[in-house]
């Protein structure tokens, strides 16, 4: 881009969402436009060189796509980019990057926390506390149990490191097997998922949502799991068929579930998952730490510097696969 020409950046936020903190740092170097829906995006896209998308559930981009006449690069401030993967973007030349690395450690902390909550039966302890009931009982040891991480990418790797540090044994599932992995005891191929489910005490979903993973955890997957196993989903809600999960929990096919993501968000107030004693739930917040919004902006600014200098961008998404590679 000629030195005298100011690039145009469009920031797409969710309706009613505030501007990303720190984005004002761009004002001296670029023309910054803001959009929050299809109509405003159709107005801002013409002439836009770069997009920063903070609304990871948006459908506005696909709807307004014909208005993109100069777009070179889209940055998603989320690890998952499934909402952006529509055919015209996948097949076109526009580069896509994501927020890989920002949430990895905090998500791993969440996973370790839920494992320990299950092992030490903290949900029941909290219920006893609320009832003012003193109830001594024995609980499980976490050390030595098997954790299967479905999705052995950057988030999965942090999960493996953290659970291994407290004595759990981490195995991974990826598109293809990997030998001598530094963080997993072994990384198995997707074809070996059912066999590995039979061996795991905790099954952690850390995979992106793609056509291959959507609905992956159905009644057959739950039937393959141990009756004492717990499921933890910090990936994407549609990877799990909710009705099949509820049936598995009610019928004792698995012992429990910790869920941060759901097929339907927000979860309706009358949904049966709310009242299940063997379920821990949070509101899609496993990776959100104090200051995460500014961290996302800082990451984009770092990549923008690369783009402005004509250098290769980090966290580039393989659009055919739907996630960023190593």
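The values are calculated or read from the model by the stated rules, or taken from the named source; none is laboratory data. Everything quoted here is computed from the prediction, not taken from an experiment. All Cβ positions, even for glycine, are placed from backbone atoms using ideal geometry, and neighbour counts span all protein chains on display.
With respect to the conditions (1) buried (at least 23 other Cβ atoms within 10 Å of the Cβ); (2) touching a helix residue (DSSP H, G or I) at 6+ places or on another chain (Cβ under 7 Å), residue 114 lacks only one, and its number is (2).
Scanning the range 78-108 for residues that are touching a helix residue (DSSP H, G or I) at 6+ places or on another chain (Cβ under 8 Å) and assigned to a strand (DSSP E or B) yields 96, 97. Quick check on this structure: which one of 76, 67, 60 is within 21 Å of the chain's Cα centre (by Cα) and farther than 18 Å from residue 319 by Cβ? It is 60.
Within the range 124-150, track down each residue that is surrounded by fewer than 16 Cβ atoms within 10 Å (Cβ to Cβ), touching a residue at least 24 places away in the same chain (Cβ under 8 Å) and outside any loop (DSSP other than H, G, I, E, B). Spell out the reasoning first.
First pass over the range 124-150, keeping only residues surrounded by fewer than 16 Cβ atoms within 10 Å (Cβ to Cβ): 124-141, 143-144.
Adding the requirement that they be touching a residue at least 24 places away in the same chain (Cβ under 8 Å) leaves 124, 127, 143-144.
Of everything in the range 124-150, those that are surrounded by fewer than 16 Cβ atoms within 10 Å (Cβ to Cβ), touching a residue at least 24 places away in the same chain (Cβ under 8 Å) and outside any loop (DSSP other than H, G, I, E, B) turn out to be 124, 127.
The set of residues from the range 5-27 being within 15 Å of residue 297 (Cβ to Cβ) and assigned to a loop (DSSP other than H, G, I, E, B) comprises 13, 17, 18, 19, 20, 21, 22, 27.
Pairs meeting the criteria (first residue in the range 274-291 and within 22 Å of residue 120 (Cβ to Cβ), second residue surrounded by fewer than 12 Cβ atoms within 10 Å (Cβ to Cβ), beta carbons under 9 Å, at least 6 apart or on different chains) are 276/250; 281/274.
So that you can scan it fast, the table gives a plain yes or no per residue for (1) over 30 Å from residue 93 (Cα atoms); (2) within 21 Å of the chain's Cα centre (by Cα); (3) not in a helix (DSSP H, G or I); (4) not assigned by TED's automatic domain parsing to the domain that holds residue 18:
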{"site": "263", "(1), (2), (3), (4)": "yes, yes, yes, yes"}
{"site": "266", "(1), (2), (3), (4)": "yes, yes, yes, yes"}
{"site": "269", "(1), (2), (3), (4)": "yes, no, yes, yes"}
{"site": "274", "(1), (2), (3), (4)": "yes, no, no, yes"}
{"site": "277", "(1), (2), (3), (4)": "yes, no, yes, yes"}
{"site": "296", "(1), (2), (3), (4)": "no, yes, no, no"}
{"site": "303", "(1), (2), (3), (4)": "no, yes, no, no"}
{"site": "312", "(1), (2), (3), (4)": "no, no, yes, no"}
{"site": "320", "(1), (2), (3), (4)": "no, yes, yes, no"}
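Scanning the range 222-235 for residues that are crowded, with 17+ Cβ neighbours inside 10 Å and in a helix (DSSP H, G or I) turns up 222, 224.
Could you pull out every one of the strands (runs of 3 or more DSSP E) wholly within the range 155-221 that has 1 or more residues that are under 22 Å from residue 243 (Cβ atoms)?
So the answer is 202-205.
Residues in the range 138-156: is at least one modelled with pLDDT of 95 or more and over 20 Å from residue 231 (Cα atoms)? Yes: one or more hits.
Please work out which residue is surrounded by the most Cβ atoms within 10 Å (Cβ to Cβ), limiting yourself to the range 241-255 and to residues that are under 21 Å from residue 116 (Cβ atoms) and out of contact with any helix residue (DSSP H, G or I) (no Cβ under 6 Å at 6 or more places or on another chain). Break it down into steps so the answer makes sense when it comes.
Going through the range 241-255, the residues under 21 Å from residue 116 (Cβ atoms) turn out to be 249, 254-255.
Imposing the further condition that a residue be out of contact with any helix residue (DSSP H, G or I) (no Cβ under 6 Å at 6 or more places or on another chain) reduces the set to 249, 255.
On the way: 249: 21, 255: 17.
The qualifying residue surrounded by the most Cβ atoms within 10 Å (Cβ to Cβ) is 249.
Scanning the range 53-77 for residues that are within 20 Å of residue 284 (Cβ to Cβ) and in a strand (DSSP E or B) turns up 53, 76. So how many residues does the range 28-55 have that are free of Cβ contacts under 8 Å to residues at least 12 places away in the same chain and over 19 Å from residue 17 (Cβ atoms)? Summing the residues that are free of Cβ contacts under 8 Å to residues at least 12 places away in the same chain and over 19 Å from residue 17 (Cβ atoms) in the range 28-55 gives 1.
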